Structures are given as C-alpha cells and as structure tokens.
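Beneath this line is the structure, given in structure tokens, with notes to follow.
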Amino acid sequence: EEVGEKGLWKNLEYFLKAVVPEAEKAGVRMAMHPDDPCWPVFGLPRIITGEKNIDRLLAIVDSPFNALTLCSGSLGCSAENDLPRLVYKYASMDRIAFGHVRNIKRLPDGGFEESAHFSRAGSLDVVAIMKAYHDAGYQGFLRPDHGRMIWGERGGAGYGLYDRALGAMYLSGIWETLEKTQ
C-alpha cells in the first residue's frame with residue numbers, strides 16, 4: 001500500500017530502462033500484460049488499465065521490444081476501453097507481441113465474469129477485435145484466453161481445456177473468414 005501508484009510507475013520505469021535494452025540485444029520482446037481487472041483490488045492501485053497508461057508504459061522505452069500482451073478480457077472489463085480501437089492502434093504500431101483474446105460479461109454491479117468466446121456470449125465484440133488485428137496487419141501470436149469448465153471438466157478456474165479449444169476454433173474461423181473476404 002505504501003508504494004502507491006506513483007511508486008509503481010517509478011519501479012516500472014526503473015525495470016524497463018534496465019531490462020528492455022538488454023532484451024533488445026538478446027532479441028527478446030518484453031510483453032506487459034494489463035492489470036486484471038483494470039481497477040484497484042483490496043485498495044491496491046493498478047496502473048496498466050487503459051489507453052492513457054498504456055501510452056505512458058510504451059513511452060518509457062520507445063522500442064518494439066517494450067510491447068504488450070494485449071488481453072481483451074483484462075481491458076474489456078471496463079466499458080471505457082474500446083478494444084477494437086486499442087488493438088488496431090497498438091498492432092499498427094507493432095507494439096503487441098502477444099494477443100490474448102477472450103470475452104467477458106460485464107455485470108450490473110460493476111464486476112464481470114468469464115464467458116464463452118463468441119461475441120453474443122459476453123460484452124465484447126470478438127469479431128471486431130479479431131478484425132482490428134487483421135486489418136492492422138498483425139503477424140504476432142494470438143490465443144484464446146481463459147476458458148470455463150464445461151462438459152464435466154475439472155481443473156483450475158479460468159483454464160478449462162475444452163472451452164479454450166472451442167475458443168481456438170472460433171478465433172481461427174473468424175481469421176479465415178477475414179482472410180477470404182479481404
């Protein structure tokens with residue numbers, strides 16, 4: 001708690017300025033994942049929560065080796081984050097090293113829950129998100145992120161194998177459609 005938002009930024013800047021030049025020499029792209037969720041938890045601040053702070057993060061060391069793991073679920077839990085626009089912006093800048101594509105359902109109480117990947121199952125337009133990656137010419141890695149436990153499966157919350165497999169096929173189908181209708 002005593003570190004606060006200002007201290008988090010100070011620590012992050014120190015880390016990035018020390019590590020990114022070395023990562024660049026080694027050919028390793030650093031990829032910051034947004035805070036999940038993108039609001040304070042237990043009174044602790046979060047700093048990678050939306051466009052303004054992502055821009056600040058990327059400006060600390062302006063290099064394609066200081067990039068993002070752009071997670072649609074983490075950023076999408078806030079209606080303020082326009083996911084297709086953010087994906088297009090950062091993919092066009094070659095600042096997304098890895099894309100996590102998932103859908104979430106925003107709840108009336110301000111919370112959210114995991115949902116199936118397809119658009120109508122949640123609050124995010126997954127087709128528009130995938131179109132933004134495609135239209136920006138994104139060539140990096142994409143994967144379905146998280147998955148519900150379905151069909152009697154048991155395991156760690158958010159990591160259902162069957163639902164992630166369905167998500168992979170859904171995302172692959174969207175991508176193939178985008179390629180063939182271009």
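Structure above, values below:
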| quantity | calculated |
| --- | --- |
| Angle in degrees between helix 126-135 and the longest Cα principal axis of the chain, rounded to the nearest 10 | 60 degrees |
| Rounded to 10°, Cα long-axis angle of helix 51-60 versus longest principal axis of the chain | 50 degrees |
| With DNA, RNA and ligands ignored, accessible area of Phe15 (1.4 Å probe; Å², nearest 10) | 90 Å² |
| Cross-link partners of Lys89 among aspartates and glutamates (Cα-Cα below 18 Å; sequence separation of 8 or more within a chain) | Glu51, Asp55, Asp62, Glu80, Asp125, Asp135 |
| Options Ser63, Leu83, Pro144, ranked by Cα towards positive dipole end of the chain, top entry (Cβ charges) | Pro144 |
| Directionally averaged projected area (convex hull, Cα atoms, the chain), nm² | 11.6 nm² |
| Shape call, the range 106-162: gyration tensor on alpha carbons, a/c limit 1.5 | oblate |
| Pairwise centroid distance, computed over Cα atoms, of the range 149-182 with the range 97-136, Å | 12 Å |
| Neighbourhood charge, 15 Å Cβ-Cβ cut-off, centred on Arg106 and excluding it, Lys, Arg +1 and Asp, Glu -1 | -4 |
| Simple label model, 7 Å out from Cα along Cβ direction - Gln139 to Lys52, nm | 3.5 nm |
| Percent antiparallel among DSSP beta bridges (both partners in the chain, rounded to 5) | 25 percent |
| Most fluctuating residue given options Val20, Val87, Val126, as computed from a GNM of the chain linking Cα atoms under 10 Å | Val20 |
| Percent carbon-and-sulfur accessible area, the range 58-145, ignoring ligands, DNA and RNA, probe 1.4 Å | 54 percent |
| Simple Cβ-charge dipole of the chain, Lys/Arg +1 and Asp/Glu -1, about Cα centre, in debye nearest 20 | 240 debye |
| Amide proton proximity set for Ala67, modelled H, under 5 Å, gap of 5+ | Met30, Ala31, Met32 |
| Given Lys6/Lys52; Lys52/Lys131; Lys6/Lys105; Lys105/Lys131; Lys17/Lys52; Lys17/Lys131, the pairs whose alpha carbons are separated by over 25 Å | Lys6/Lys105; Lys17/Lys131 |
| Residue among Lys17, Lys89, Lys105 with the largest mean-square fluctuation in a Gaussian network model of the chain, springs linking Cα atoms under 10 Å | Lys17 |
| For the chain, built as a Gaussian network whose Cα springs stay under 10 Å, the top-fluctuating residue of Met30, Met169, Met130 | Met169 |
| Proximal charge balance of Pro21 [Cβ under 14 Å; K/R count +1, D/E count -1] | -1 |
| Net charge contributed by nearby residues that have their C-beta within less than 14 Å of Arg154 (K/R +1, D/E -1) | -1 |
| Test item: Cα-centred dipole of the range 27-127, Lys/Arg +1 and Asp/Glu -1 on Cβ, debye | 120 debye |
| Degrees, to the nearest 10: 4-26 long Cα axis against longest axis of the chain | 90 degrees |
| DSSP-defined antiparallel bridges as percent of all bridges, the range 23-127, nearest 5 | 35 percent |
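The values are calculated or read from the model by the stated rules, or taken from the named source; none is laboratory data. All of these numbers come straight from a predicted model, not from anything done at the bench. When we count neighbours, we look across all protein chains shown, and the Cβ atoms used for this are built from the backbone with ideal geometry, even at glycine. The accessibility values were calculated without ligands, DNA or RNA, using every heavy atom of the protein model including side chains. Shrake-Rupley method; radii C 1.70, N 1.55, O 1.52, S 1.80 Å.
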